[in-house]
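Read the structure below first, then the notes.
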Amino acid sequence: MIRNEPIHVWLPGRATPILSGEFTHNSTARSGYFQYAPAYLASRHPPLAPDLPLRRQALHIAGGLGIFPLFLDAGPDVWGRHMLTRRLEREVDEFEALTLCPLDGVGNIALGEITGEREAVLSLEAFVELLHRLEHGQKAATDLEDRVLDAVQKGTSLGGTKPKLTLSRNEVQYLAKFPEPGDSPWLPHVECAMLKLANACGIRACEGEVWPLPGGRRTALLVKRFDRETLSAGVARKGYVSAHALLRLDMLPHEKADVLLYTTLGFTPAALKKSYVSLASDMARWCGGQEAHREERRELWRRIVFNLLIGNGDDHPKNHGLICIDMEQQQWRLSPAFDLVTHPIARQEPVLAMAYRYVKPARRGRSQEAAARLVWKASVEDIVAAAVEHYAYDTVEAGEYLQFAAATIARRWREFLAAEGMPEEEVGRYENTFKHGWANPA
Ligand SMILES: Nc1ncnc2c1ncn2[C@@H]1O[C@H](COP(=O)(O)OP(=O)(O)OP(=O)(O)O)[C@@H](O)[C@H]1O
Ligand SMILES: [Mg+2]
C-alpha cells in the first residue's frame, strides 16, 4: 500500500508547526520517500535531521519499516497504540499509528494532518476535574477522555509500557507516568529519587516530582518534558531521536544468520547493533563535531556506570535518545536521562539490556584467534576497559569516576529514597540493590 502524508515541524522558537514536506510510504516494499516542500526550501529553514539534508530531490529510505528514524519517534508507544486500536476498533499499522496518534509524541515532528483533537493537552487541574466527572458517571466521549480514564483505572492497558499523559502546569509540559496494576505503589517515588541521584552522580537527568493524585489514590510521577520549551506565544518543541530509531533497530539482521553467528561467536550481530558500543559510534553523525561527540560518549559511559550501580536493567534502546539543541548546525546531544528504575532484589550481579563493551577477536601468536566478546555484566575491569576503548575516557579518570559514583550512591541512596516520602521500612527493602561487591566503594 502506498500512502502520502504531510510532515509538519515545530521550528526552534516557534509555537506553531509549519509544513516541511511530504512523506510517501510503501508498506509492501518497506520503503519511503521524503520530499521537502518547495516553500520550506525557499525559506531556507534548517534540515530536519542529519539523514534528511536539504535537497530538491526526494530522499529515499529502505529496509525495516521504511520510515526515517526521526519520524518513528513521533508515534505512540505500546500503550498509546493500544488506545488508538481500541478507539478505532481495528488494528493500525505502524505508519497509520504515526498519522493518527495524539500529537504529544516526543520530538518536533508530526505526521499527517494536524487537528485540534490531536493537539489537545490538558492542564493538571483540568485532568483532575475531568477524572472526577468521568468517575462519577460521565461517559468518555473523546480520545482524550478515554486516555484519562485508562491512565488511572489501568484496567485495560497492556503490560510493558506504563500509561502516561502529557499534562501542563503554568504552560510548562510534563509527562505524567501512572503505575500499572502489579507495580509497587512506590515506583514513582523510586524513579524520582533515581533521577535526582543520577544528577548527584554528574549525569544530566530529567527533573521529576512525585504527584499525589487527589482522593487518596496512588501517586504518579511527573517529569518535565525535555523536548518542550515554553514561550510567551505557546510551546515550542525540540527534535528527538531514540537510540532505537538512530540505530535502525527496525531492520535487525535476518534471524537465520543470527542463529548461525550466535553459535560461532557467542552473541548475535543484532546484539552488537543494539549495544551502547554502536550507539557511542553511530551518534557521531548527529553530534555535529568531534568534541561534542567525545563529550556525549563520556556522558553515555557515566549513564552505563550509573545503570550498573543502581541495577537498572531496563536500559533498552528506547530509554536513550538524542535531542536537537541546534537545528541550523544539526547539533544533537544525549537527552536528559529518563526512566531510571531500580527494584528491591536479592543480591546479584547487575546485567544491562545493551552490551557496553565489544572486544574484537584478537590474534594471539600466529594463527590462534581469541573469540570476540560482548559484555553486559557488571565488572570493574570491563567497565574501565570499555571507558577507554569506546567512550573517550582514560583509565585513571574512569577509575576515579567509578569510585566517585559508587561512593555517592552507597552514601546517599537512603537519603534520596526517604526524601521522596518513602517510609523507612520500604527504603530498607533496597539494601541489597545498592550493595555491590564488584564496585568496591571507597
Ligand atoms: N522528560 C521527558 N520529556 C520528553 N519525552 C520523554 C521524557 N521522558 C520520557 N520521554 C519519552 O516518553 C517515552 C516513555 O517514557 P518512559 O521510558 O519514562 O516510560 P515507560 O513506560 O517507563 O517506558 P518503558 O517502556 O521503558 O517501561 C520515552 O521512551 C521517551 O521517548
Ligand atoms: Mg521507557
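Values quoted throughout were computed directly from the atomic coordinates according to the rules given, and no laboratory measurement underlies them. Not measured: the values here are computed from a predicted model. No Cβ is skipped: glycine too gets one built from the backbone with ideal geometry, and neighbour counts run over all protein chains shown.
Table for the structure above
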quantity	calculated
The stretch 76-130: relative contact order in percent, alpha carbon pairs under 8 Å with at least 6 residues between	29 percent
Long-range amide H partners of Ser335 with built H, under 5 Å	Gly321, Leu322, Ile323
Cα gyration tensor, the stretch 305-442 - rounded (a/c under 1.5), prolate or oblate	oblate
Charge dipole (debye, nearest 20) of the stretch 2-116; +1 at Cβ of Lys and Arg, -1 at Cβ of Asp and Glu	320 debye
Rg in Å to one decimal, and Dmax rounded to a whole Å, for the stretch 2-116 via C-alpha atoms	14.0, 42
Gyration tensor over alpha-carbon atoms, the chain, equivalent ellipsoid semi-axes in Å	35, 31, 21
Inter-part distance where the stretch 100-138 and the stretch 202-243 are each reduced to a Cα centre, Å	15 Å
Value at 222 nm in deg cm²/dmol, rounded to 500, when DSSP H runs of n ≥ 4 in the chain each add -39,500 (n - 2.57)	-10500 deg cm²/dmol
Rg/Rg_globular for the stretch 69-225, with Rg_globular taken as 2.2 N^0.38 Å and Rg from C-alpha atoms	1.05
Footprinting exposure proxy for Ser20, Ser43, Ser27, Ser281 (fewest neighbouring C-beta atoms within 10 Å first)	Ser43, Ser281, Ser27, Ser20
Neighbour net charge for Pro317 - beta-carbon separation under 10 angstrom, K R +1, D E -1	+2
Whole-number percent relative contact order across the stretch 2-116, with pairs defined as alpha carbons under 8 Å at least 6 apart	26 percent
Value of relative contact order over the chain, rounded to a whole percent, pairs C-alpha under 8 Å and six or more apart	14 percent
Which of Ser379, Ser232 has the fewest Cβ neighbours within 10 Å, and the rest in rising order	Ser232, Ser379
Charge tally in the Cβ shell below 13 Å around Thr408, where Lys, Arg are +1 and Asp, Glu are -1, Thr408 excluded	+3
In nm, spacing of pseudo-spin labels at Gln57 and Met251 (7 Å Cα→C-beta vector)	1.7 nm
Farthest positive-ward along the chain dipole, Cα basis, beta-carbon charges - from Leu308, Ser232, Leu252	Leu252
Around Ala387: net Lys/Arg minus Asp/Glu count, Cβ-Cβ under 15 Å	-3
Gain upon complete extension [Glu349, His316; 0.36 nm per residue less C-alpha separation]	10.1 nm
Sequence-distant residues sharing a close amide H with Leu122 (under 5 Å, placed H)	Ser168
Distant-in-sequence amide H partners of Asp326 (H built 1.01 Å from N, under 5 Å)	Gln331
DSSP-assigned coil residues among trypsin sites (Lys or Arg not before Pro) in the stretch 385-442, each with at most 13 further Cβ atoms within 10 Å	Lys435
³J(HN,Hα), Karplus 6.51/-1.76/1.60, whole Hz, each residue of the stretch 379-387, x for Gly, Pro	7, 4, 4, 5, 5, 5, 5, 4, 3
Among Pro102, Trp438, Leu11 - extreme Cα towards positive end, dipole of the chain, charges at beta-carbon	Trp438
